[in-house]
Amino acid sequence: MNLANITFQSIRFLLLPFALLYALIIWVRNRLYDKKLLESVSFNLPIICVGNLSVGGTGKSPMIEYLIRLLKEEYQLAVLSRGYKRKTSGYVLANENTGALEIGDEPMQFYSKFPEVAVAVGEKRVEAVPQLLQDRPKTEVILLDDAFQHRSILPGFSILLTDVNNLYTKDFYLPTGDLRDEVRSSRRADIIVATKCKPTFNEEHRAKVTKDLSPLPHQQLFFSTIEYGVPHHILNNSQTYHLHKNLEVLLVTGIANIEPLKRYILDSTYTYERMSFSDHHIFTIDDLNEIKNRFAGINSEQKIIITTEKDAVRLMKFQTELQDLPLFVLPIQHKILFDEEEKFRSAVVSFIRNFHQPKQTPVENIMQP
């Protein structure tokens with residue numbers, strides 16, 4: 001651990017009183033929902049919630065995409081997100097004229113990759129669901145993105161993600177730790193997925209994590225690793241580039257957890273330089289010029305720029321400036337380990353096929369002032 005990390009951890013420890021206050025607030029809020037003093041609304045169609053208990057990257061967006069690929073041939077899907085860091089407010093349904101500034105980078109990524117799927121955003125999801133169903137009345141399944149802690153909607157099925165390197169059972173509340181919800185909330189999950197396992201993750205590791213998480217009898221625990229695809233040019237998916245050991249890379253990122261990506265780039269190329277921006281950073285033309293200058297300073301004939309899919313949707317607005325720039329996007333997706341892909345699929349599909357509406361507050365009451 002370097003000096004910067006030690007200093008950062010020391011500062012977080014000093015914020016312990018604020019973490020305890022935050023924990024109290026979360027505890028009270030959850031008990032109000034548990035006692036039904038705050039209402040959770042359900043809807044008469046299958047709703048699958050994907051989320052986590054912590055801030056930072058646990059792989060929620062790739063899991064939404066995993067579910068889309070799993071279900072889109074059989075069901076009419078819709079994805080509902082908050083639309084973090086967008087410049088609009090209220091309910092917005094994505095269309096061919098929508099950009100990341102209107103709906104946020106992750107929903108824009110979903111719509112760009114799966115235009116046949118309805119993608120909408122709304123801060124008040126309990127109000128956004130009826131609007132979405134009005135716009136897309138043939139919707140059969142809704143995927144709620146990053147909504148595990150938003151208890152105003154009672155989903156029929158919940159998938160809880162946790163980074164295997166930072167399990168929620170070993171974490172603490174913000175701002176001392178990364179928890180934004182209490183650990184006991186994990187009991188609401190139907191599936192728990194320990195994400196970002198290394199390719200060498202084995203049965204011994206599996207047993208240890210299973211013991212740490214101690215899933216309840218009704219919960220299924222899965223393990224996933226990140227699979228990286230072949231990079232494609234940001235403006236042309238058919239223009240690909242295979243990484244190799246003589247390549248120098250300028251890695252441009254504005255995401256929460258960069259560690260798995262750094263390991264992959266180190267293993268796949270000769271060396272890399274990194275330009276880091278804050279999570280969900282909105283790129284400016286000055287940022288792009290800085291990227292170009294940094295890239296020009298790399299003294300190699302075999303060099304490219306690599307960015308993530310989430311960052312790419314925020315860079316796409318610079319269409320003209322990107323034409324001649326070797327800026328490539330590195331796709332990622334989840335891979336369920338231990339040959340349990342079919343078991344995972346069966347759990348999700350069984351919920352949809354055997355769906356029964358949870359106990360609910362009538363939908364007609366939720367839109368009234």
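Please treat every number below as a calculation from the coordinates, not as lab data. Keep in mind that this is a model prediction, so the values were computed, not measured. Virtual Cβ from ideal backbone geometry, glycine too; neighbours counted across all protein chains shown.
For a 20 Å ceiling on Cα separation, which of these pairs sit above it: Lys124/Lys170; Lys113/Lys310; Lys198/Lys262; Lys113/Lys343; Lys72/Lys138?
On the way: Lys124/Lys170 31 Å; Lys113/Lys310 12 Å; Lys198/Lys262 13 Å; Lys113/Lys343 26 Å; Lys72/Lys138 13 Å.
Cα-Cα > 20 Å for Lys124/Lys170; Lys113/Lys343; rest within.
So how tilted is helix 259-268 from the main axis of the chain? Cα-based, degrees 0 to 90, rounded to 10.
Compared with the principal axis, the helix lies near 40 degrees.
For the range 197-215 and the range 21-82, compute the distance between their C-alpha centroids and round to whole Å.
A separation of 24 Å, based on Cα centres.
Computed over the Cα atoms of the chain, what is the convex hull's projected area averaged over all directions, in nm²? Provide the component values of the computation, followed by the final result.
Details: hull surface 80.4 nm².
Result: 20.1 nm².
Lys292 to Asn95: extension gain in nm, 0.36 nm per residue of separation minus the Cα-Cα distance?
67.8 nm
Go through Gly297, Leu315, Leu144 and say which Cα lies farthest out towards the positive end of the charge dipole of the chain; charges sit on Cβ, +1 for Lys and Arg, -1 for Asp and Glu.
Selected residue: Leu144.
Would you mind working out the magnitude of the charge dipole of the range 9-101 relative to its Cα centre, with +1 at each Lys and Arg C-beta and -1 at each Asp and Glu C-beta, to the nearest 20 Debye? Could the numbers behind the result be given before it?
Values: 12 positive and 6 negative charges, 89 e Å.
Roughly 420 debye for the range 9-101.
For Lys303, go through the aspartates and glutamates and keep the ones whose alpha-carbon is under 15 Å away, minus same-chain ones fewer than eight residues off.
Glu248, Glu273, Asp324
Compare the peptides 141-151, 184-194 by average per-residue count of other Cβ atoms within 10 angstrom and give them in order, highest first. Write out the running numbers ahead of the final one.
On the way: 141-151: 22.4, 184-194: 19.6.
So the order, starting with the most tightly packed, is 141-151, 184-194.
For the chain, modelled as a GNM with alpha-carbon contacts under 10 angstrom, which of Pro137, Pro46, Pro331 fluctuates the most?
Pro137
Apply the Karplus parameterisation 6.51 cos²θ - 1.76 cosθ + 1.60, with θ equal to phi minus 60°, to every residue of the range 168-177 and state each ³J(HN,Hα) to the nearest whole Hz, in sequence, with x for glycine and proline.
Working through the residues one at a time gives 5, 6, 10, 9, 9, 5, 4, x, 5, x Hz.
Relative to the Cα centre, what is the charge dipole magnitude of the range 232-330, using +1 at the beta carbon of each Lys and Arg, -1 at the beta carbon of each Asp and Glu, and rounding to the nearest 20 debye?
160 debye
Once the Cβ-Cβ distance between Lys72 and Leu24 is put in as r, and R0 is 35 Å, what FRET efficiency do you end up with, to the nearest 0.05? Working shown, then result.
Values: r = 42 Å, r/R0 = 1.21.
So the FRET efficiency works out to roughly 0.25.
By the gyration tensor of its Cα atoms, with a ≥ b ≥ c the square roots of the eigenvalues, what is the shape of the range 232-330: rounded for a/c under 1.5, prolate for a/b over b/c, or oblate? Walk me through the intermediate numbers first.
Values: a/c = 1.40, a/b = 1.19, b/c = 1.17.
Rounded, because the longest to shortest axis ratio a/c is under 1.5.
Of all DSSP beta bridges located in the range 232-330, what percent are antiparallel, nearest 5? Each step should come with its number before you reach the end.
Working: 4 of 19 bridges.
Here the antiparallel bridges make up roughly 20 percent for the range 232-330.
Give me the aspartates and glutamates in straight-line cross-link reach of Lys317: C-alpha distance below 19 Å, same-chain residues under 8 apart excluded.
Glu96, Glu102, Asp105, Glu106, Asp279, Asp286, Asp287, Glu290, Glu309
Per the helix-only calculation at 222 nm, which mean residue ellipticity applies to the chain, given -39500 (n - 2.57) for every DSSP H run of n ≥ 4 and division by its residues, nearest 500 deg cm²/dmol? Please report the intermediate quantities before stating the final value.
Numbers: 12 runs with 124 residues, N = 369.
It lands at -10000 deg cm²/dmol.
What does DSSP give for the chain in terms of the percent of beta bridges that are antiparallel, rounded to the nearest 5? Before the final figure, lay out each step's value.
Values: 12 of 55 bridges.
So the antiparallel bridges in the chain amount to around 20 percent.
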